[in-house]
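A quick write-up on the structure given underneath.
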Amino acid sequence: MKFSIDNGSPAKQSCSCVVVGVFQTRTLSEAAKTLDKNSNGYISNILNNGDMEGKLGSTLLLHNVPNTTCNRILLVGLGEKSKFCDREYQSAVRSTFNRLYETGASNATLFLIEVPVKNRKISWKISHTVIVAMESVYKPDQLKSKRTNKKQQLQKVTLSTTGKLDSVTGKKALQWGLATAHGMNLAKDLGNLPPNICTPTYLAKLAVKMAKDFKLKAAILEQKDMKKLGMGSLLSVAQGSNEPAKLITLEYWGLSKKEKPIVLVGKGVTFDTGGISLKPPANMDEMKYDMCGAASVFGTITAIAEMKLPINVVGIIPTTENMPGGKATKPGDIVTSMSGQTIEILNTDAEGRLILCDALTYAERYKPEVVIDIATLTGACVVALGHVASGLLSNDDKLATELLSASEKAADPAWHLPLWSEYDEQLKSNFADMANIGGRDAGTITASCFLSRFTKEYRWAHLDIAGTAWISGKKKGATGRPVPLLTQFVTTRAIKKGCEKKS
Ligand code: BES
Ligand code: MN
Ligand code: ZN
């Protein structure tokens, strides 16, 4: 699908479908009004006959509308005008594409970016139209022997307005949407791959390939390298598996190396059986998604590199399987992390924090501006926030606020949870500096408290994406989240940096 932006009249388009919005009840958008005028009330007549009210997400396809030059006109319901916000806009765009795929249209011109959305500029609408469109065409069919996709026939999409359009801003917004969508697609593809293919070795090879394609710097630490560094915690998770663990670093230098980088650390457990604290069998296949934090780091770096943002970003990906092999950790084992702190492993299924803590210590060598880790860390986060918001915890309130505002703008919800010392007490161990679990209560917070013991040297935030990285059920698949949030966060920082430099 190719996207472009334009401005003009909906009556003068020579494409196979023009899309205009209709509010509830039967209130025409500006573009719909233009078409109605041109066709001497043809559209309002149809609406008044009761064919469409304008309910959000409803659609009505019209052929041969008088005095128009396109093959078809698609009316899309926008719901109540006063309630038309981010989600409503996205939902209208989603219905548009789903309906367009059912028609034979090979190209379409959408007059939706001119519809007012509360607190949003036209650039937001352009970016998010592209993201929703790309989402609607995505299929997790990498490994189907026949990849048929009827949706491919829609090749050209123009985002148009009857109003003014600044083409520089418009193009930037288009590029942001596309880059973010590409990053999300990579994150989805990686998440959806089966665990026999997407192994730590696979991810390491991918990083090397990405480095070539995008002019990044990739480095792979093997188990022997990690041993030298004293990463006893990370290695303890790997020892139950036959697949060797890797610590991947992927660096993007968009500015001088003197500028401190943003470091993104992604949990890359390519399959989590729970280890000796074995998980129950139901839905265990979904633990192939336990590397979605890593996937989101790959996705975000792809997006940033595609846009060539003037900023420095380093991805660190600790990756391993969590298996109950003969050499696997036993509950009660005590290991020493790279930081020197000792950990009593009371539950081998709390492995995410065990690999992240060593990666977080390793992050210190980059003298980071901030560190954000992204992990499918706790089932408790799904209990607390469901599949809507990612959990956000931080040792710095300003950073948390910045991430929340990126999340809001990117329409990729996150919710701030407290990281108070009262919770940290749940991690006490009689035998080591800490236990790797803190009991049933506040599981997401105690997991973060564990991580916070390794992040004292820098400003840090943690995103628990256990509930948001993939969907279960009939439409099982990775979501590509939180690539939009992270890409927005980095973009906003890059823009701010640019402004500081100029002034
Ligand atoms: N990868 C899981 C977390 C998870 C579970 C994500 C279900 C999404 C859905 C993680 O490694 C894990 O097993 N966490 C344990 C921690 C517990 C043993 C303290 C959990 O949440 O049960
Ligand atoms: Mn686990
Ligand atoms: Zn896990």
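Some notes on this structure:
- No other residue among Thr348, Thr342, Thr378 is polar (S, T, N, Q), modelled with pLDDT of 95 or more, surrounded by fewer than 24 Cβ atoms within 10 Å (Cβ to Cβ) and within 10 Å of ligand 1 (Cβ to nearest atom) apart from Thr378.
- For Tyr362, the conditions (1) within 16 Å of ligand 2 (Cβ to nearest atom); (2) within 19 Å of Gly315 (Cβ to Cβ) are fulfilled apart from (1).
- Members of region 227-250 found to be away from ligand 2 (no atom under 16 Å from the Cβ) and among the hydrophobic types (A, V, I, L, M, F, W, C), listed by number: Leu229, Met231, Leu235, Leu247, Ile248, Leu250
- Conditions (1) under 25 Å from Ile471 (Cβ atoms); (2) under 18 Å from the mean Cα position of the chain (by Cα); number of the one not met by Glu306: (1)
- A count restricted to region 251-273 and to residues that are buried (at least 24 other Cβ atoms within 10 Å of the Cβ), assigned to a strand (DSSP E or B) and within 16 Å of ligand 2 (Cβ to nearest atom) stands at 5.
- Residues (among the acidic types (Asp, Glu) and under 21 Å from Pro484 (Cβ atoms)) located in region 118-166: Glu135
- Boolean, Leu399 is surrounded by fewer than 24 Cβ atoms within 10 Å (Cβ to Cβ) and within 24 Å of the chain's Cα centre (by Cα): yes
- Remark: Val269 matches the filter, which requires a residue to be within 29 Å of Leu403 (Cα to Cα) and β-branched (Val, Ile, Thr).
- Residues (within 16 Å of ligand 1 (Cβ to nearest atom) and either of a type in the set (A, V, I, L, M, F, W, C) or farther than 30 Å from Pro324 by Cβ (or both)) located in region 239-268: Ala245, Val265
- Among the candidates Ile316, Ile343, residue that is within 16 Å of ligand 2 (Cβ to nearest atom), part of a strand (DSSP E or B) and farther than 19 Å from Gly480 by Cβ: Ile343
- For region 274-308, filtering for residues that are crowded, with 24+ Cβ neighbours inside 10 Å and either away from ligand 2 (no atom under 15 Å from the Cβ) or under 30 Å from Arg493 (Cβ atoms) (or both) leaves 16.
- Total residues in region 273-298 satisfying the condition of being within 12 Å of ligand 3 (Cβ to nearest atom) and within 26 Å of Asp333 (Cβ to Cβ): the figure is 12.
- Residue list for region 353-374, restricted to those being in contact (Cβ under 8 Å) with a residue 40 or more places away in the chain, in a helix (DSSP H, G or I) and closer than 22 Å to Trp253 by Cβ: Ala359, Leu360, Tyr362, Ala363, Glu364, Tyr366
- Helices (runs of 4 or more DSSP H) enclosed by region 385-503 - at least 3 residues per element that are in contact (Cβ under 8 Å) with a residue 60 or more places away in the chain: 397-409, 443-452, 483-502
- Residues (touching a strand residue (DSSP E or B) at 6+ places or on another chain (Cβ under 6 Å) and not β-branched (Val, Ile, Thr)) located in region 361-384: Ala363, Tyr366, Pro368, Glu369, Asp373, Leu377, Cys381
- Some residue of region 150-170 being charged (D, E, K, R), under 19 Å from Ala295 (Cβ atoms) and either crowded, with 18+ Cβ neighbours inside 10 Å or over 17 Å from the mean Cα position of the chain (by Cα) (or both): no
- Positions within region 44-60 being closer than 22 Å to Asn107 by Cα and either in contact with a helix residue (DSSP H, G or I) (Cβ under 7 Å, 6 or more places away or on another chain) or outside the structural domain of Ser136 (by TED's automatic domain parsing) (or both), in sequence order: Gly57, Thr59
- Residues that are in contact with a helix residue (DSSP H, G or I) (Cβ under 7 Å, 6 or more places away or on another chain), surrounded by fewer than 21 Cβ atoms within 10 Å (Cβ to Cβ) and over 16 Å from Thr479 (Cβ atoms) within region 123-141 comprise just one, Ser123.
The values are calculated or read from the model by the stated rules, or taken from the named source; none is laboratory data. Since we're looking at a predicted model, the values are computed, not measured. Positions of Cβ are generated from backbone atoms using ideal geometry, with glycine treated the same way; all protein chains shown enter the neighbour counts.
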